[in-house]
Amino acid sequence: MSRASRERPRVAVVAEFYPSRRDPVLGVWAHRQAVAARDAGADVRVLVLHRLVPPRSAVAAGAAGAMGALAERLGEPRRQTRDGLEVSYVSYLSPPRERSYPTWGAWAAPPLALALRRLARSFPFEIVHAHNAVPAGEAVRRARTRTPVIVSVHGGDVLYTAGRGQAGAQAVRRGLSAAQLVLANSEGIAEMARQHGARRTRVVHLGADLPAAAATTRRTGPPSLVTVAHLVARKRHADVLRALAVLRPRHPTLRYSIVGEGPERTALEGLAARLGVADRVDFHGQLDPEAAVEQARRCTLFVMPSTDEAFGVAYIEAMAAGVPAIGCRGEPGPEEIAAAGDGFLLVPPGDIERLTQRIDELLSDPRRLREAGQRARATVAINFTWERCGEETLDAYRQVLG
């Protein structure tokens, strides 16, 4: 390894989920880690696996919806600069996700191999850092790059794809076993990665920006709960709605902000109406990352008792501004955040009574709420900043090159 490599490793990041003009939220954690590694001392370029086929939901909406979604994908600029990083979008085609997702790496590999060769001519990278074994890690493996490969596992590989039958398990195992090092966002996910073929693992937590201390005291108005997440069943927004209904007599001004979009929105709106709390719930839809974080930090409590939660950046983004958070016991990420410090509470999965009790305890005791917020901020400051994430990611690059 040259002295230049030790000082500023040259890294090609490959990711399926990454912010784009049509969706600035998608995979923002991968982008923030790339920026953090760059700021810590790596030279970074990014290749995004850009699938051109519209999602099934757009096709189901009819010809107009399908054509609109296709036009969006075709119109995505192939070269962009995001926060000073050069990002290239590598187009590929693949069959529908439901049955063929484990094969997407094979479909993406030919155009990715061409893109990597083209990149190497102007930027002789020394490491490829793939986010997720499928499809990115599998595509990198098939592209036969001669540089070391690092694969980051954010949960989906080992929690979902590996369970999608033999094809899914094999694709994940190939992607993980081909990596010189697998980075996991929690120790629980690292253990699962080892079970699915990872040879060497290292935990690198994702991070949050730490606002000025004064910014943590600017909350006004009635008390409010907030969840920032895709509207899918496993995030368990419905549990929070039911807790809100139970808490109404004791906390008559309590509100609930839901930031995000997804297939469960109609069902959640209906549930809020049936519970008689629709007038207390604000559906903000999908906001850009900065606006979503700002909305969370204006609220009193961050509540997301989700399951299959590999880490949960949204928790620590709220906690960084002194907002206590509530997650679900037994999940890899929430358990690790709770073990790192205070200001993060755990409740059993699906236990509405315990969830309601935890919320009530904090809202009914201003001093306890204030101290929980202070401890939440301290937990993030010590363990979960983007600066620390960048430094540990850079150290992982140097470890592999060494």
Along region 250-265, Karplus-curve 3J(HN,Hα) (6.51, -1.76, 1.60; θ = phi - 60°) to the nearest Hz, with x for Gly and Pro, reads 7, 10, x, 9, 5, 10, 9, 9, 10, 10, x, 9, x, x, 8, 4
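If you take the square roots of the eigenvalues of the alpha-carbon gyration tensor of region 169-313 and sort them as a ≥ b ≥ c, do you get rounded (a/c under 1.5), prolate (a/b over b/c) or oblate?
Numbers: a/c = 2.86, a/b = 1.78, b/c = 1.60.
It comes out prolate by the Cα gyration axes.
Would you mind telling me the antiparallel percentage of the DSSP bridges in region 81-194, rounded to 5? Numbers along the way, then the final one.
On the way: 2 of 10 bridges.
Roughly 20 percent of the beta bridges in region 81-194 run antiparallel, per DSSP.
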With no solvent and one equal point scatterer placed on each C-alpha of the chain, evaluate the Debye formula and give log10 I(q)/I(0) for q = 0.07, 0.09, 0.11 Å⁻¹, two decimals. -0.33, -0.55, -0.82
Sum of side-chain charges, residue 320 neighbourhood, beta-carbon under 9 Å (Lys, Arg +1; Asp, Glu -1): 0
Compute the angle between helix 386-401 and the longest alpha-carbon principal axis of the chain, please, reported from 0 to 90 degrees and rounded to the nearest 10. 30
So for region 319-402, using the alpha carbon gyration tensor with a ≥ b ≥ c as root eigenvalues (a/c under 1.5 gives rounded; past that, a/b versus b/c decides prolate or oblate), I'd call it oblate
Amide H to amide H, which residues 5 or more places from residue 184 or on other chains are under 5 Å from it, using H placed in the peptide plane? 153, 202, 203, 204
In whole percent, what relative contact order does the chain give with Cα contacts below 8 Å and a gap of six or more residues? 16
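Leaving ligands, DNA and RNA out of it, report the carbon-plus-sulfur percent of the accessible area of region 144-183 at a 1.4 Å probe. Present the calculation step by step, with values, prior to reporting the outcome.
Working: 770 of 1660 Å².
On region 144-183, the fraction of accessible area on carbon and sulfur atoms equals 46 percent.
List the trypsin sites (Lys or Arg not before Pro) in region 120-167 that DSSP assigns to loop (not H, G, I, E or B) and whose Cβ has at most 15 other Cβ atoms within 10 Å. Which are they?
When the trypsin sites (Lys or Arg not before Pro) of region 120-167 are filtered for loop state and at most 15 Cβ neighbours within 10 Å, 144, 146 remain.
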For residue 351, what is the net charge nearby, where nearby means another residue's Cβ is under 13 Å from its Cβ and Lys, Arg count +1, Asp, Glu -1? +3
Where both partners of a DSSP beta bridge lie in the chain, what percent of those bridges are antiparallel, to the nearest 5? 10
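In terms of the Cα gyration tensor, with a ≥ b ≥ c the square roots of its eigenvalues, is region 123-237 rounded because a/c is under 1.5, prolate because a/b exceeds b/c, or oblate?
Numbers: a/c = 2.80, a/b = 1.74, b/c = 1.61.
Taking the square roots of the gyration eigenvalues as a ≥ b ≥ c, region 123-237 is prolate.
Rounded to the nearest whole Å², what accessible area per residue is found for region 312-371 with the 1.4 Å probe?
Numbers: 2280 Å² over 60 residues.
Value returned for region 312-371: 38 Å² of accessible area per residue.
Given only helices, namely DSSP H runs of n ≥ 4 each adding -39500 (n - 2.57), what is the per-residue ellipticity at 222 nm of the chain, to the nearest 500 deg cm²/dmol?
The helix-only estimate for the chain comes to -13500 deg cm²/dmol at 222 nm.
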For region 222-283, what's the relative contact order in percent, using C-alpha pairs closer than 8 Å and at least 6 residues apart? 44
Region 331-402 to region 158-201: how many Å between their Cα centroids? 25
Send over a whole-number figure in Å² for the accessible area per residue of region 153-305, probe 1.4 Å. 43
In whole Hz, the Karplus estimates of ³J(HN,Hα) for region 190-197 (6.51, -1.76, 1.60; θ = phi - 60°; x where Gly or Pro) are 4, 5, 5, 4, 5, 5, 9, x
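The values are calculated or read from the model by the stated rules, or taken from the named source; none is laboratory data. Given the structure is predicted, the values throughout are model-derived calculations rather than measurements. Here Cβ is always computed from backbone atoms with ideal geometry, including for glycine, and neighbour counts include all displayed protein chains. Calculation scope for accessible area: heavy atoms of the full protein, side chains included, ligands and nucleic acids excluded. Shrake-Rupley method; radii C 1.70, N 1.55, O 1.52, S 1.80 Å.
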